[in-house]
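All remarks here apply to the structure that follows.
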Amino acid sequence: PYRIFMKILLFFLSFVLMLFFSEDSVQLAADGLSVWFQTMIPALFPFMLLSCLLVRQQMTEKLSFFLSPLLCPLLRISPQGVYCVLTGFLCGFPMGARNIAELYRRKEFSRKEAQYLLGFCNNMGPLFILSVLLPSLAIKNISAAFFLLGIYGIPFLYALLVRLISPLPLNLCQKSPSETAPEPFLKSLDSAIHSGIEGITVLGAYLIVGNLLYLFPLIVSRSLTRYTGIALPDTLLCASRCLLEITGGIHALSGRLPLFLLTVLPFGGLCCLLQTKGMLAGTDLSMRRYVYDKLLQCLLSFFYFFLLFRFFL
């Protein structure tokens with residue numbers, strides 16, 4: 001009863017806010033749609049299409065053939081897991097979670113391996129880092145290589161630490177036979193297109209939700225200013241937006257609070273969390289464990305970038 005009451009209250013409060021602050025609601029929703037249409041669709045949809053096609057044609061092992069001899073024993077994962085590592089680091093969020101869920105549904109690897117991979121293979125892509133994040137930081141004293149080392153080296157280091165603490169079975173390094181046969185190419189292409197459209201639409205919806213949630217801190221700030229005369233710092237509001245939807249938060253911060261931004265980057269904000277949950281629909285993978293893994297990576301990121309700024313700025 002308590003949870004039902006809280007859900008009803010949240011729904012009613014959200015409806016009232018959108019009704020009485022319609023201009024802000026429309027603008028925030030438009031911002032989410034703009035990011036979705038101009039950034040997310042061109043950056044992610046081709047990867048979604050291609051990745052789904054590769055999975056259904058059972059070509060993931062062939063694609064990761066050259067790195068499997070190195071990464072399989074190093075991370076103690078299967079050849080299918082190596083493909084998830086590649087896409088999770090190179091294709092951009094949330095392709096890692098999507099591919100892990102897709103291969104897990106097809107029983108290409110175990111639940112333990114899928115959960116392990118999910119903890120470090122769901123990262124912001126290099127395209128996003130180089131075209132959105134680093135230009136907004138505008139830090140010229142530090143090479144982009146140091147930022148990339150921290151952003152992608154920390155998840156990999158975390159994977160190695162987890163592997164040492166709780167190793168996966170050694171037989172994962174061997175090629176495991178798939179339980180499903182490759183589909184005809186045209187059928188795979190049709191399935192990949194439908195799956196890609198569904199996936200990118202879900203991501204867009206969560207992006208709008210993440211932007212609309214910014215109404216809450218925005219209205220709280222305005223109410224405090226109106227009734228008490230206390231004005232919350234604009235930087236604090238921008239930081240809260242970053243915790244809700246990171247792309248809009250990056251643009252709002254405009255280079256301020258770089259340590260904070262780089263610290264929360266592995267987590268990605270509430271919007272990224274909801275998008276990941278959407279990608280894992282139909283599986284029994286733990287979101288609680290995923291959040292735990294990401295928070296630990298945020299902690300490691302804080303120490304790395306704190307030392308980086310301390311010595312170079």
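The values are calculated or read from the model by the stated rules, or taken from the named source; none is laboratory data. Keep in mind it's a predicted model, so treat the numbers as computed, not measured. Using ideal geometry, Cβ is built from the backbone for each residue, glycine included, and neighbour counts are taken over all protein chains shown. Keep in mind that these areas ignore ligands, DNA and RNA; they rest on the heavy atoms of the full protein, side chains included. Shrake-Rupley method; radii C 1.70, N 1.55, O 1.52, S 1.80 Å.
Can you give me the pair-distance distribution of region 218-313, C-alpha pairs, 5 Å bins, whole percents?
Using 5 Å bins, I get a P(r) of 3, 12, 18, 17, 18, 13, 10, 7, 2, 1 for region 218-313.
Tell me, in nm to one decimal, what length is gained between residue 295 and residue 145 on full extension, where the rule is 0.36 nm per residue of separation less the Cα-Cα distance?
Stretched fully, the residue 295-residue 145 segment lengthens by 51.7 nm.
Running a GNM on the chain with Cα contacts under 10 Å, which residue among 124, 279, 59 ends up with the highest mean-square fluctuation?
59
Could you check the simple spin-label distance between residue 256 and residue 277, using points 7 Å along Cα→Cβ, in nm with one decimal?
3.0 nm
Can you tell me the length gained on complete extension of the stretch residue 4 to residue 236, counting 0.36 nm per residue apart and subtracting the Cα distance?
Length gained between residue 4 and residue 236: 80.4 nm.
How big is the equivalent ellipsoid of region 99-157 along its three axes, where each semi-axis is √(5λ) from the Cα gyration tensor, reported in whole Å from largest to smallest?
After diagonalising the Cα gyration tensor, the semi-axes are 32, 12, 6 Å.
Against the longest principal axis of the chain, how steep is helix 185-212, in degrees 0 to 90 to the nearest 10, with axes from Cα atoms?
20 degrees
Can you give me the distance in nm between label points at residue 14 and residue 201, each placed 7 Å from the Cα along the Cα-to-Cβ direction?
1.9 nm
Hey, if we sort 47, 185 by accessible area with the 1.4 Å probe, largest down, what's the order?
185, 47
Rule-of-thumb check for the chain: C-alpha Rg over 2.2 N^0.38 Å?
In units of the globular-protein estimate, the chain measures up at 1.06.
On a 26 Å Cα-Cα criterion, which of the cross-link pairs 7/107; 107/277; 62/187; 62/277; 7/112 come out too long?
7/107; 62/277; 7/112
With +1 on each Lys and Arg Cβ and -1 on each Asp and Glu Cβ, how big is the dipole of the chain about its Cα centre, in debye rounded to the nearest 20?
So the dipole magnitude of the chain works out to roughly 640 debye.
Name the residues of region 199-224 whose amide N is less than 15 Å from a point 7 angstrom out from the Cα of residue 27 along the C-beta direction?
Label zone hits: 211-223.
Can you give me the P(r) profile for region 83-122? Cα pairs, bins 10 angstrom wide beginning at 0, each as a whole percent.
38, 56, 5
How far is it, in nm, from the label point at residue 187 to the one at residue 216 when both lie 7 Å from their Cα along the line to the Cβ?
A separation of 4.6 nm, rounded to one decimal place.
Angle between the Cα long axis of helix 95-105 and the longest principal axis of the chain, 0 to 90 degrees, nearest 10?
50 degrees
Residue 24 accessible area, nearest 10 Å², 1.4 Å probe?
The accessible area of residue 24 comes to roughly 40 Å².
Against the longest principal axis of the chain, how steep is helix 2-20, in degrees 0 to 90 to the nearest 10, with axes from Cα atoms?
60 degrees
Once you've got the GNM for the chain with C-alpha springs shorter than 10 Å, pick whichever of 231, 43, 29 has the biggest mean-square fluctuation.
The residue with the greatest mean-square fluctuation here is 231.
Could you tally the net charge around residue 214, taking each other residue with its Cβ under 14 Å from the Cβ of residue 214, Lys/Arg +1 and Asp/Glu -1?
Within the 14 Å Cβ shell, the charges total -3.
Could you order peptides 199-205, 262-268, 6-12 by the average number of other Cβ atoms within 10 Å of their residues, highest first?
Top of the packing list down: 262-268, 199-205, 6-12.
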